[in-house]
Amino acid sequence: MTNPKNKSPSTPHRPSQGNRDFRSRIKREDKSRDSQKAIQHTPLQQRAGLPNAQPGIILKTGREKSLLRRHPWIFSGAIECINGMPSNGDTLPVFSDQGKFIAWAAYNSGSQITARAWSWNEKEIINAEFFRGRIECAIALRRDFHLTDTSTGMRLIHAESDGLPGLIVDQYGDVLVMQMGSAGAERWRDTCADILQELCNPACIYERSDSDSRALEGLELRNGILRGALPESVEVIENGLRFKVDVAEGQKTGFYLDQRDNRALTESLARDKDVLNCFCYSGGFSLYALRGGAKSVLSIDASGDALHIAEDNLASNGLDAARAEWLEADVFLALRKLRDQGRSFDLIILDPPKFAPTAAFAEKAARGYKDINLLAFKLLRPGGVLATYSCSGGISEDLFQKIIAGAALDAGVDAQIVHHLHATADHPVLLSFPEGAYLKGLVLRIGS
């Protein structure tokens, strides 16, 4: 595992200037104040006529429509007032302006998403048994669809899409990694950890509540062991390939589980190809390409620590190191340098970090995506293939395709889409919550 003391300054949860992720810093205090201004706290007696005059969230007229369609988010602008003075993380009933019950939701005054719905059943009790039922259901889905047959790594709980807003749980063998991204999930943290310990019996439950999104929720960052002891080495076996997982310091919760199927597709495309893998992290796409018979694979990442893990992964899988080259560099600068050197490739993979966590960042993120894809198109040989991805929730699938189309036009190439790609099935998407489909990808072939 990576030694935190030697951690590269360019690891993704502490992005360096060289990563150029095109995100502006948010003034958290201003946002919090704006959120507070949008919500009026009203004494109970002033809301006489509401069911039992109990504390709750009262929506503005006509603003219940998305909740009635089972979308779990309630934004501050939809709220008329808050009865009582609840604490962040409290479960409150949500009412229409006419006093009709709509949902039970976790409250957070410090977020623009002021409440996230747990349940639309008025008789539901949000307690430990509620969470046990949701967790059991999520685990059963992965089991019933045989999602563990080819990998020891799995997303067990996918937040809103599994009915548990803000809670992510990833499994790496006998280690579980929990990530709490909302005040509601934070309130039930220990309860969920106890349930997971009982149902899954892991050697360790590790908390990685250190993502940028926690700042948007007004939550402190936290990283450490919740239950058990962290093994000296953690790994995942995926389609026969072994990958080390740095659960304490690595990107996301340690590995990109959502790209499992897309990595397998890369293996089928790589035979006899010169491959360029950008933002390679611990070498997932690179190892699949090498096993698929690639002639050569150049892998680039800004993190030296990630590249060390990638080289270890290469060695542990017995793949030909002579066909692999690892480059620690800013990808944007490296692509320009490769262009200036006259280099070219048959297959290029672009899997950058999140440029746009929300739609507010979309414009700047679009410039970043267009930049790297334009350079990639120029580096492709005639008939070459580009596999390009975005994990930005603030970039829709339609916008992403438009950005890539613009990059191809500016590069002077004709490109055909041969695959539309998404996350693996252990990252289900609730029909009423399209935001759950954050990962989108295209495989394109340019003209000969």
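The values are calculated or read from the model by the stated rules, or taken from the named source; none is laboratory data. What you see is a predicted model; the values in this text were computed from it and never measured. When we count neighbours, we look across all protein chains shown, and the Cβ atoms used for this are built from the backbone with ideal geometry, even at glycine.
For the range 392-431, taking the residues that are without any contact (Cβ under 8 Å) to a residue 24 or more places away in the chain and part of a helix (DSSP H, G or I), the one that is farthest from Asp351 (Cα to Cα) is identified as Leu409.
For the range 164-172, the criterion of a residue being touching a Leu at 6+ places or on another chain (Cβ under 7 Å), outside any helix (DSSP H, G or I) and of a type in the set (D, E, K, R) is satisfied by at least one position.
Residue by residue, here is whether (1) within 15 Å of the chain's Cα centre (by Cα); (2) buried (at least 20 other Cβ atoms within 10 Å of the Cβ); (3) not assigned by TED's automatic domain parsing to the domain that holds Asp426 holds:
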{"site": "Asp149", "(1), (2), (3)": "no, no, yes"}
{"site": "Ile157", "(1), (2), (3)": "yes, yes, yes"}
{"site": "Tyr172", "(1), (2), (3)": "no, yes, yes"}
{"site": "Val177", "(1), (2), (3)": "yes, yes, yes"}
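With respect to Leu319, is the statement that it is at pLDDT 95 or above, at negative phi and in the same structural domain as Leu156 (by TED's automatic domain parsing) true? The answer is no for Leu319.
Consider Ile349 carefully, then state whether it is surrounded by 19 or more Cβ atoms within 10 Å (Cβ to Cβ) and at pLDDT 95 or above. Here the answer is yes, as Ile349 does meet what is asked.
With a cut-off of at least 3 residues that are among the β-branched types (Val, Ile, Thr) and on the phi > 0 side of the Ramachandran plot, name the strands (runs of 3 or more DSSP E) lying wholly within the range 60-149.
Numbers: elements: 73-75, 79-83, 91-95, 101-107, 113-119.
Per the criteria, no element qualifies.
Hey, can you tell me all the residues within the range 80-99 that are closer than 25 Å to Asn127 by Cβ and among the hydrophobic types (A, V, I, L, M, F, W, C)? Ile82, Met85, Leu92, Val94, Phe95, listed by residue number.
Could you pull out the residue among Ala315, Ala306, Ala334, Ala387 that is within 27 Å of Ala248 (Cβ to Cβ) and crowded, with 19+ Cβ neighbours inside 10 Å? It would help to see each step written out before you state the result.
Working: Ala315 fails: crowded, with 19+ Cβ neighbours inside 10 Å; Ala334 fails: within 27 Å of Ala248 (Cβ to Cβ); Ala387 fails: within 27 Å of Ala248 (Cβ to Cβ).
Ala306 is the lone residue from the list that is within 27 Å of Ala248 (Cβ to Cβ) and crowded, with 19+ Cβ neighbours inside 10 Å.
Do we have Glu136 as surrounded by fewer than 19 Cβ atoms within 10 Å (Cβ to Cβ), at pLDDT 95 or above, more than 24 Å from the chain's Cα centre (by Cα) and not hydroxyl-bearing (Ser, Thr, Tyr) here? For Glu136, the condition - surrounded by fewer than 19 Cβ atoms within 10 Å (Cβ to Cβ), at pLDDT 95 or above, more than 24 Å from the chain's Cα centre (by Cα) and not hydroxyl-bearing (Ser, Thr, Tyr) - is not met.
Restricting attention to the range 61-90, the residues that are over 22 Å from Glu186 (Cβ atoms) and not hydrophobic (A, V, I, L, M, F, W, C) add up to 11.
For the range 372-385, state whether one or more residues are touching a residue at least 24 places away in the same chain (Cβ under 8 Å), of a type in the set (Val, Ile, Thr) and within 24 Å of Arg445 (Cα to Cα). Steps first, please.
Narrowing the range 372-385 to residues touching a residue at least 24 places away in the same chain (Cβ under 8 Å): 372-385.
Those still in the list that are of a type in the set (Val, Ile, Thr) too: 372, 385.
Those left that are additionally within 24 Å of Arg445 (Cα to Cα): 372, 385.
The answer is yes; a qualifying residue exists.
Within 21 Å of Asn127 (Cβ to Cβ) and free of Cβ contacts under 8 Å to residues at least 24 places away in the same chain: does that describe Ile195? No; evaluated as a whole, the condition is false for this residue. Candidates are the residues of the range 359-370 that are surrounded by fewer than 17 Cβ atoms within 10 Å (Cβ to Cβ) and of a type outside the set (A, V, I, L, M); the one that is nearest to Ala407 (Cα to Cα) is Arg367. Hey, any hits in the range 220-229 for a residue that's closer than 24 Å to Leu439 by Cα, surrounded by fewer than 21 Cβ atoms within 10 Å (Cβ to Cβ) and charged (D, E, K, R)? No; the residues of the range 220-229 include none that is closer than 24 Å to Leu439 by Cα, surrounded by fewer than 21 Cβ atoms within 10 Å (Cβ to Cβ) and charged (D, E, K, R).
The set of residues in the range 337-366 that are under 28 Å from the mean Cα position of the chain (by Cα) and outside any loop (DSSP other than H, G, I, E, B) comprises Leu347, Ile348, Ile349, Leu350, Ala359, Ala360, Phe361, Ala362, Glu363, Lys364, Ala365, Ala366. Is it the case, given these coordinates, that Ser182 is of a type in the set (Ser, Thr, Tyr) and either touching a Lys or Arg at 6+ places or on another chain (Cβ under 6 Å) or assigned by TED's automatic domain parsing to the domain that holds Asp90 (or both)? Spelling it out, Ser182 is indeed of a type in the set (Ser, Thr, Tyr) and either touching a Lys or Arg at 6+ places or on another chain (Cβ under 6 Å) or assigned by TED's automatic domain parsing to the domain that holds Asp90 (or both).
Count, please, the residues in the range 87-136 that happen to be over 25 Å from Gly62 (Cβ atoms) and β-branched (Val, Ile, Thr). Number of matching residues: 3.
Within the range 182-225, if we keep just the residues that are in contact with a strand residue (DSSP E or B) (Cβ under 7 Å, 6 or more places away or on another chain) and in a loop (DSSP other than H, G, I, E, B), the residue that is farthest from Phe255 (Cα to Cα) turns out to be Ser182.
Out of curiosity, is Ile300 at pLDDT 95 or above and in contact with a Leu (Cβ under 9 Å, 6 or more places away or on another chain)?
Details: at pLDDT 95 or above: yes; in contact with a Leu (Cβ under 9 Å, 6 or more places away or on another chain): yes.
Yes: the conditions hold for Ile300.
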